[in-house]
Amino acid sequence: MSSQDFDIQLRLHLPKVLADFPTGAAENLYAAVRPILLSRCSIMSSYMADAALRANASLLLGQETTRRDYSLQRPDGRTIGMRFGTVPPRIGHFYQAKLHYMMSPRADSLVEMGCFLQGATHPITYLAFSPCDRPYIIQSLRRHGLSASRSNVLVLTRALGLSGTAFNLMSFTLGRAARNLRDMGCRFIVTAFNPMLGFSGTALQATNFIPVATAPVACFYDDHGRYVTRRHSSTEYSIVRPAPGYRNLLAVIGVDRKARKELKQVNTLDHLDEADHDFDGAPHNRVGGELMDRLPEYRKRLETAWSKRTVHPSYAKEPLSSKGQCGVSSVWLAQLLRMKEIEATYCYGNLFFDDPAISPVEHHCWIEVGSSSDPDRQVIDLTCDQADGFNQTIICEPYSRLAANGIRYEPEVRLGVDDLPKDRVWRRFTYLEDSMRDKWGINTLKECTGSAVGS
């Protein structure tokens with residue numbers, strides 16, 4: 001593990017320690033932060049070694065430079081082959097959960113890309129992009145006169161290069177990613193970085209990112225003092241706000257010619273305040289209209305992606321069917337709804353029927369849209385045909401109506417979308433998502449974020 005990685009972890013956790021010991025002696029501060037640093041750094045170091053092996057990082061001897069012909073040139077003139085491509089979701093999850101300094105995988109990564117050395121299965125550089133679900137970002141871009149909207153903005157949420165990455169390879173990766181995202185309909189890429197953590201933004205500057213705004217810094221920690229992100233809604237956390245002078249810097253790059261021309265007019269910074277920055281996620285809209293009509297289509301697509309890798313282990317020896325596929329299918333739908341500004345809750349529990357001729361489904365998964373206290377919240381189940389004797393494949397109805405008809409969904413666990421990457425279902429879901437992308441591709445950004453909200 002590099003000294004830079006250690007320094008980042010130290011800077012990431014110091015605000016909490018300083019808040020707990022505002023006048024404490026140096027030895028007390030060190031004793032408080034040492035166990036956390038040792039734990040996180042040892043975890044990252046061990047997984048970094050594994051990733052370096054799979055990325056063929058041993059081919060890098062140092063001082064290589066990146067060439068436009070997708071090769072790396074050594075000081076002696078010899079070259080190393082390289083390719084740029086998409087990163088499978090299961091590998092992306094590994095990089096986000098174990099290698100990135102936040103150790104917090106995102107649930108909404110839409111596109112993952114990177115550069116692979118010759119013969120490697122894992123990338124030497126990695127980038128992840130998500131739809132922009134923060135209204136204050138779109139509003140800030142518009143205040144600068146940029147024609148930004150949810151349908152043409154992507155957020156660079158994760159970026160990392162393995163130790164020993166060649167000079168200018170990260171900026172090369174960013175440039176190639178921008179070209180690919182343009183074909184998806186993306187016009188602007190936004191990212192944020194925290195100078196307090198020692199980031200200089202060199203790769204962003206080399207790729208022509210332009211600073212457009214600053215935002216307040218808020219650090220979140222669990223009850224053990226470990227850093228967590230604000231997106232983990234179910235986590236009990238404490239908030240530490242560093243001195244007002246410490247602010248995140250938001251930067252943007254134009255992907256097409258028109259967007260780059262618009263950015264040339266930006267010559268000021270928009271300073272966001274806490275009211276702008278605090279945002280609790282997408283509203284609890286309803287699923288209706290075109291999206292409801294497409295549920296049977298989604299079910300058919302999911303069927304083509306189900307496999308022994310996506311099924312729950314309890315059904316691994318049974319013939320492939322909807323049984324054991326409820327978890328991964330529900331995660332996929334919840335993620336899709338998030339992109340369309342519909343916030344769903346992943347539910348794990350039991351499905352019972354008043355009709356004795358229909359068998360119950362224990363350890364079942366589905367999603368709900370709406371508050372858990374709302375009797376009219378929507379229940380959406382893409383695999384309810386697991387119940388023997390039940391003649392429906394899909395359910396999308398209010399909870400109260402289902403209960404009145406003798407269909408009772410009883411959740412034992414409820415998880416928000418942002419909490420799913422740390423649930424056991426996520427690893428199986430990454431195989432499903434990988435298969436779905438191979439079979440059906442990735443839609444344009446407009447199609448992914450297009451509204452499909454019922455009244």
Under a plain spin-label model, where a point goes 7 Å from the Cα along Cα-to-Cβ, how far apart in nm are E397 and Q205?
6.2 nm
Can you give the extra length, in nm with one decimal, that the chain gains between R54 and K264 once fully stretched, where that is 0.36 nm per residue apart less the Cα-Cα distance?
71.5 nm
Residue-ordered couplings for the stretch 423-434, obtained by feeding phi - 60° into the Karplus form 6.51 cos²θ - 1.76 cosθ + 1.60 and rounding to whole Hz (Gly and Pro as x), are 8, 5, 6, 5, 4, 5, 5, 4, 5, 4, 4, 4
Using per-residue counts of other Cβ atoms within 10 Å, averaged over each peptide, order 180-192, 43-55 from highest down.
180-192, 43-55
Roughly what would the spin-label model give for I442 and Y30, points 7 Å off Cα along C-beta, in nm?
4.6 nm
Can you give the helix-only mean residue ellipticity at 222 nm for the chain, where every DSSP H stretch with n ≥ 4 adds -39500 (n - 2.57) and the sum goes over all residues, rounded to the nearest 500 deg cm²/dmol?
-10000 deg cm²/dmol
Quick calc, the stretch 286-454, dipole around Cα centre from Cβ unit charges on Lys, Arg (+) and Asp, Glu (-), nearest 20 debye, gives 620 debye
Once both label points are put 7 Å beyond Cα along the C-beta direction, the F167-S359 separation in nm becomes 6.6 nm
Only bridges with both residues in the stretch 3-277 count here: give the DSSP antiparallel percent, nearest 5.
85 percent
Using the Cα centre as the reference, give the magnitude of the dipole from point charges on the C-beta atoms of the chain (Lys, Arg: +1; Asp, Glu: -1; all else neutral), rounded to the nearest 20 debye.
1960 debye
With θ set to phi - 60°, apply the Karplus curve 6.51 cos²θ - 1.76 cosθ + 1.60 along the stretch 94-102 and write out the HN-Hα couplings as whole Hz, x wherever there is a Gly or Pro.
4, 5, 6, 7, 10, 10, 5, 4, 7
Please report the spacing between the Cα centers of the stretch 289-360 and the stretch 6-60 in Å, no decimals.
39 Å
When the charge dipole of the stretch 286-454 is computed with +1 at the Cβ of Lys and Arg and -1 at the Cβ of Asp and Glu, the Cα pointing farthest to the positive end, of S359, S314, A344, is that of S314
10 Å-binned pair-distance histogram of the stretch 165-214 (Cα, whole percent):
22, 50, 26, 2
If I histogram all Cα-Cα distances within the stretch 286-454 using bins 10 Å wide from 0, what percent of pairs lands in each bin?
10, 41, 38, 11, 0
So what are the three principal axis dimensions of the stretch 20-148 from its Cα atoms, in whole Å, longest to shortest?
56, 45, 29
If you take the beta carbon distance between M292 and I43 as r and set R0 to 30 Å, what does 1/(1 + (r/R0)^6) give as a FRET efficiency, to the nearest 0.05?
0.10
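What number comes out for the charge environment of A57, summing +1 per Lys or Arg and -1 per Asp or Glu over other residues with Cβ under 13 Å away?
-1
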Between D273 and R67, the FRET efficiency computed from the C-beta separation at R0 = 51 Å comes out, to the nearest 0.05, as 0.70
Against the 2.2 N^0.38 Å scaling, with N counting residues, where does the stretch 93-234 land? I'd like the Cα-based Rg ratio to two decimal places.
1.08
With only alpha-carbon pairs counted, each pair once and no self-pairs, how large is the Kirkwood hydrodynamic radius of the stretch 188-248 in angstroms?
13.4 Å
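Coordinate-derived values only; no laboratory data. Owing to the predicted nature of the structure, the values given are computational and were not obtained by experimental measurement. Methodologically, a virtual Cβ is constructed for each residue, glycine included, from the backbone with ideal geometry; neighbour enumeration extends over all protein chains shown.
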